[in-house]
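Structure, as structure tokens:
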2 protein chains.
Amino acid sequence: MNKVVEFMKAEKLKPKPDPTALQFGKHFTDHMFVLDYSQDRGWHSPRIAPYEPLTLDPASLVFHYGQAVFEGLKAYRSPDGRVLLFRPEQNVKRLNDTCKRMCIPPLDEEAVLEGLKQLIEIEQDWVPDQEGTALYIRPFIVATEPYLGVRPSNAYKFLIILSPVGAYYSSEQLSPVKIYVEDEYVRAAKGGVGHVKTSGNYAASLLAQKKAQELGYDQVLWLDAKEKKYVEEVGSMNIFFKINGEVITPELNGSILKGITRQSTLELLDHWGIPVREERVSMIDLYQAYQKGELEEVFGTGTAVVISPVGELNWNGRKMVINQFKTGELSYKIYDSITNIQYGKQHDPFGWTVEIN
Amino acid sequence: MNKVVEFMKAEKLKPKPDPTALQFGKHFTDHMFVLDYSQDRGWHSPRIAPYEPLTLDPASLVFHYGQAVFEGLKAYRSPDGRVLLFRPEQNVKRLNDTCKRMCIPPLDEEAVLEGLKQLIEIEQDWVPDQEGTALYIRPFIVATEPYLGVRPSNAYKFLIILSPVGAYYSSEQLSPVKIYVEDEYVRAAKGGVGHVKTSGNYAASLLAQKKAQELGYDQVLWLDAKEKKYVEEVGSMNIFFKINGEVITPELNGSILKGITRQSTLELLDHWGIPVREERVSMIDLYQAYQKGELEEVFGTGTAVVISPVGELNWNGRKMVINQFKTGELSYKIYDSITNIQYGKQHDPFGWTVEIN
């Protein structure tokens, strides 16, 4: 490996958590990747340093005006012990798209990928090997200039932190979720920032998520801000519908996140020759398809879950139970194929996986 | 004063900046107010501590999902040396409204007001006495739990930091600003979080502000997310129009911030017997009023500026020059009355001012 990044080794390494009882995003590894930005030096001083607290002035812009962006991906342990990343260049590219919208100076994508790979190599013992586990990777940028005026910061910190995470599903069986179609709160409007991964989108989603849970639902399905007629995304996943043999997902309209699992699902369906369309999806059309018995499968896509089958949709009290609350055949097939590629269990015809060594 | 709050004095006090050359939000005082939240203890340990960096785990939720809220107000030095706050209870109340929307546990409003007053008393030498200067007060809350799941944090920090700030206008004369009516980017939608002071709203506004500045304008006028026909607010101010002797301002519709200077302006106009209405304001109606010569004055209201006269509006290339780019009589009268009350220069018939000690 090309040692372009300075490595400051932690003095004491942490004990690793029990790999059979991992939670999501609770444990962090021994080291993190750090990169600083200043006006005169640009992005500079890439390094791998001990995982430690950030020391920031209370006036740092991130605390006040939310200039903070992030990505999420995973490193997987293959049965033969290799460590694999899944389309990491897509995450780095999307991070830069997010930076552009949020007025953060762009990163050198090659250098970030190189730093990421070096960090994973150093922390490779943290990639768990139990079924369904992985090492979650969280690149993020925060505005660090101490200043209270509303304008883009002149200083930033980019970090990558790592967290070993458990299987999302407790058994081999995917568990369908119950979804509440939200008609009061709105996630994002066209012209806003819903299409990029900035922190404020997630804070804005909390109250609707709380409401859905109080009503007995797992997640929220967001509708468009303008007419509250068209499907946007689910919680923090994209959503797909199988209607009468065809697959559709909402087109990227400026308020929907461009998910990498979404994109991979589209490419996989195309590879299999299954008809798939990106288009505007209205709730009324979905409901009519449901009434005609044509709404065959519904599933979310995202890095955490890969595929999350939807067992029920509640739209203004109209309950649609999908596929008798069982995981559909296609949902399972996509889940199986993507996870097999991610874990290096089957041939990757797309060149999606990147091996760390 | 009731010494309910623990005071840890800074070992060394900072030199105070030149009061004739103060910028906005660049210098901070010697101490800050701090309050912690944990699930088992609730909000606890109120204290006034030396101004110092925050030490936060890189996984702290504020860096990832933007659960951060704030307020802004000022302490004013009267000509006879007293220190006055302007309607601070309104800020604390709005902070709690913001907390509710952002799933942050509510604060004890009385205790926060008491902490704020004690902090200002301790830092009273930092309240500048030059014409137009003040001590800017920034209460804010950030989510501190180290966790990467999307849910409300179980730990928070509430702080109040202080910054001596200069006069917004360099002379006694208010300077009219040029405003670009934004028709591409959107600030907030109904059902979102635009009506509360959460950090993500401000990060989301940066790109449009940058665009306006590149086009030669000072600020952006935001339109509604749904139809882009109706006026919302300007930059981070509310907006008022004087049309044919009557004053109108957009009604609070769920996406506009409930400004305290806005509310004070409404109460002042009412007190003077000047007709004023809160209602939906369309751009086309404004433009027609302009063409008929009835758009007499336009001004923004906000804590930083108090009143900011608008000299020009550009709506899709249609330029409206207001009152020959001069500050209107009513704009000036409101500015004069509010600032005279804030600085204790005239009788306060409303009970808006709160004197420290």
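The values are calculated or read from the model by the stated rules, or taken from the named source; none is laboratory data. None of the values given here were measured: they were computed from a predicted structure. As a convention, Cβ positions derive from the backbone with ideal geometry for all residues, glycine included, and neighbour counts pool all protein chains shown.
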Query raised in the report: Scanning for something touching a residue at least 60 places away in the same chain (Cβ under 8 Å), in the same structural domain as residue A:183 (by TED's automatic domain parsing) and either at positive phi or hydrophobic (A, V, I, L, M, F, W, C) (or both), does the range A:262-273 turn up at least one residue?
Result: yes
Requested in this report: Output the residues belonging to the range A:15-63 that are facing chain B (nearest Cβ under 7 Å), buried (at least 20 other Cβ atoms within 10 Å of the Cβ) and outside any strand (DSSP E or B).
Outcome: A:25, A:28, A:58, A:59, A:62, A:63
Query raised in the report: What are the residues in the range A:100-142 that are of a type outside the set (D, E, K, R) and facing chain B (nearest Cβ under 8 Å), if any?
Result: A:102, A:103, A:136, A:140, A:142
Query raised in the report: Under the condition of being under 22 Å from residue A:226 (Cβ atoms) and in a helix (DSSP H, G or I), which residue from the range B:191-210 is farthest from the other protein chains (Cβ to nearest Cβ)?
Result: B:208
**Report entry** So residue A:145, is it under 30 Å from residue B:206 (Cβ atoms), in contact with a Phe, Trp or Tyr (Cβ under 9 Å, 6 or more places away or on another chain), more than 8 Å from chain B (Cβ to nearest Cβ) and free of Cβ contacts under 8 Å to residues at least 60 places away in the same chain
**Finding:** no
Report task. Considering only residues that are in a helix (DSSP H, G or I) and touching a Gly at 6+ places or on another chain (Cβ under 9 Å), look in the range A:261-300 and name the one that is surrounded by the most Cβ atoms within 10 Å (Cβ to Cβ). Result -> A:265
Query raised in the report: So, in the range B:100-128, of the ones that are among the hydrophobic types (A, V, I, L, M, F, W, C) and not in a loop (DSSP other than H, G, I, E, B), which residue ends up surrounded by the fewest Cβ atoms within 10 Å (Cβ to Cβ)?
Result: B:111
Query raised in the report: Restricting the range A:149-167 to residues that are touching a residue at least 60 places away in the same chain (Cβ under 8 Å), surrounded by fewer than 23 Cβ atoms within 10 Å (Cβ to Cβ) and within 30 Å of residue B:304 (Cα to Cα), which is farthest from the other protein chains (Cβ to nearest Cβ)?
Result: A:155
Report task. Restricting attention to the range B:64-99, report how many residues are within 14 Å of chain A (Cβ to nearest Cβ) and either part of a helix (DSSP H, G or I) or over 18 Å from the mean Cα position of the chain (by Cα) (or both). Result -> 8
Report task. Would you confirm whether any residue within the range A:168-188 is within 12 Å of another protein chain (Cβ to nearest Cβ) and at positive phi? Result -> no
Query raised in the report: Of the residues B:111, B:134, which single one is modelled with pLDDT of 95 or more and under 17 Å from residue B:34 (Cβ atoms)?
Result: B:111
